[in-house]
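Asks: Sharing a structure with you now.
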Amino acid sequence: MRRKPMAADEKSALTKEALKLSKQFEEMDGRRPRLFLPELEDDDDKEARKIAATVFADQGWDVDVGPLLAPEVSAQTAADNDVHFIFYTSKSPTMTKAIIPMSQTLAMMGRDDILIAVHQVKKEDKELLFRYGIVAAFDETASFEETSLTMLRLLISLAKEAEREPDAY
């Protein structure tokens with residue numbers, strides 16, 4: 001169930017708010033929010049990842065786009081690039097089999113500071129993903145503009161918490 005396309009003025013308002021939050025995060029953290037957009041499966045969803053990369057960049061993120069790599073290698077790439085968030089979008093029915101090993105690898109590396117968000121998630125998969133440390137799971141009706149904004153809000157919330165408790169983040 002796709003929702004109708006977002007009006008240009010609605011996209012513009014979301015982008016304006018995201019740019020404001022991105023700037024706020026940069027002031028708090030000393031650098032812009034950084035995102036890794038991996039390709040974990042050959043799922044014919046390359047176009048969606050290209051659009052996502054463009055939207056996130058337009059909303060103030062530094063975006064790294066990865067080639068088709070194993071989940072464990074993608075986790076290492078995210079750690080090497082010191083990203084704040086991994087954003088994975090896929091229509092694949094086996095997306096959980098790709099994203100969970102990546103989350104587990106990050107945990108084994110001690111990089112639970114790298115947050116993971118997943119897009120086009122089926123309702124029945126959300127609980128499983130949350131159990132494995134995925135912090136945001138968006139269904140197919142969520143626009144990239146909305147997901148970006150939610151992720152920025154999460155980053156700012158965690159950064160504020162870290163300011164209060166320096167060892168928390």
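The values are calculated or read from the model by the stated rules, or taken from the named source; none is laboratory data. Given the structure is predicted, the values throughout are model-derived calculations rather than measurements. Every residue, glycine as well, gets a Cβ built from its backbone with ideal geometry; the counts of neighbours run over all protein chains shown. All accessible areas refer to the heavy atoms of the entire protein, side chains included, with ligands and DNA or RNA removed. Shrake-Rupley method; radii C 1.70, N 1.55, O 1.52, S 1.80 Å.
Asks: Using the Karplus equation 6.51 cos²θ - 1.76 cosθ + 1.60 (θ = phi - 60°), what ³J(HN,Hα) coupling, rounded to whole Hz, does each residue of region 147-162 give in order, writing x for Gly and Pro?
Replies: Once θ is set to phi - 60°, the couplings for region 147-162 become 5, 4, 4, 4, 5, 5, 4, 4, 4, 5, 4, 5, 5, 5, 5, 5 Hz.
Asks: Given that compact globular proteins tend to follow 2.2 N^0.38 Å, what is the ratio of the alpha-carbon Rg of region 1-159 to that value? Spell out each step's value before the answer.
Replies: Details: Rg = 14.7 Å, N = 159, 2.2 N^0.38 = 15.1 Å.
Against the compact-globule rule of thumb, the ratio is 0.97.
Asks: Give me, ordered by chain and number, the residues 5 or more places off ASP64 or on other chains with an amide H under 5 Å from its own placed amide H.
Replies: LEU35, PHE36, LEU37
Asks: Given a cut-off of 27 Å, name the pairs among LYS50/LYS123; LYS97/LYS123; LYS23/LYS123; LYS11/LYS123 whose C-alpha atoms lie farther apart than that in the structure shown.
Replies: Details: LYS50/LYS123 24 Å; LYS97/LYS123 16 Å; LYS23/LYS123 33 Å; LYS11/LYS123 25 Å.
Violating the 27 Å limit, Cα to Cα: LYS23/LYS123.
Asks: Next question, about the same structure. Quote the relative contact order of the chain in percent (integer), defining contacts as alpha-carbon pairs under 8 Å separated by 6+ residues. Mind dumping the intermediate values first?
Replies: Details: 241 pairs, mean separation 42.1, N = 169.
Averaging sequence separation for qualifying contacts and normalising by length gives 25 percent for the chain.
Asks: Starting at the first residue of region 113-128, write each ³J(HN,Hα) from the Karplus equation 6.51 cos²θ - 1.76 cosθ + 1.60 with θ = phi - 60°, in whole Hz, x for Gly and Pro.
Replies: Working through the residues one at a time gives 7, 8, 8, 10, 10, 10, 10, 6, 8, 6, 3, 6, 8, 4, 4, 4 Hz.
Asks: What shape does region 129-169 have by the C-alpha gyration tensor, where a ≥ b ≥ c are the square roots of the eigenvalues, rounded means a/c under 1.5, and otherwise prolate means a/b greater than b/c and oblate the rest? All intermediate terms of the calculation are to be shown ahead of the outcome.
Replies: On the way: a/c = 5.76, a/b = 1.70, b/c = 3.38.
Because a/c hits 1.5 or more and a/b fails to exceed b/c, region 129-169 counts as oblate.
Asks: Determine the calculated [θ] at 222 nm for the chain from helices alone, applying -39500 (n - 2.57) to every DSSP H run no shorter than 4 residues and normalising by the residue count; nearest 500 deg cm²/dmol.
Replies: -16500 deg cm²/dmol
Asks: Here's a follow-up. Amide H neighbours of GLN120 under 5 Å, at least 5 residues apart or on other chains, H built in the peptide plane: list them.
Replies: For GLN120, whose amide H was placed from the backbone, the distant partners under 5 Å are PHE138, ASP139, GLU140.
Asks: Output wanted: per-residue J couplings in Hz (rounded whole) for region 61-76, from phi through Karplus 6.51 cos²θ - 1.76 cosθ + 1.60, θ = phi - 60°, x for Gly and Pro.
Replies: 8, 8, 10, 10, 10, x, x, 5, 9, 5, x, 5, 5, 5, 4, 5
Asks: With a 1.4 Å probe and all protein chains left in place, how much accessible area per residue does the chain have, in Å²?
Replies: Details: 8850 Å² over 169 residues.
Spelled out: the 1.4 Å probe surface of the chain, per residue, equals 52 Å².
Asks: Please list, in order, the residues from region 39-62 whose amide nitrogen is less than 20 Å from a point placed 7 Å along the Cα→Cβ vector of ALA70.
Replies: From region 39-62, the list is 39-43.
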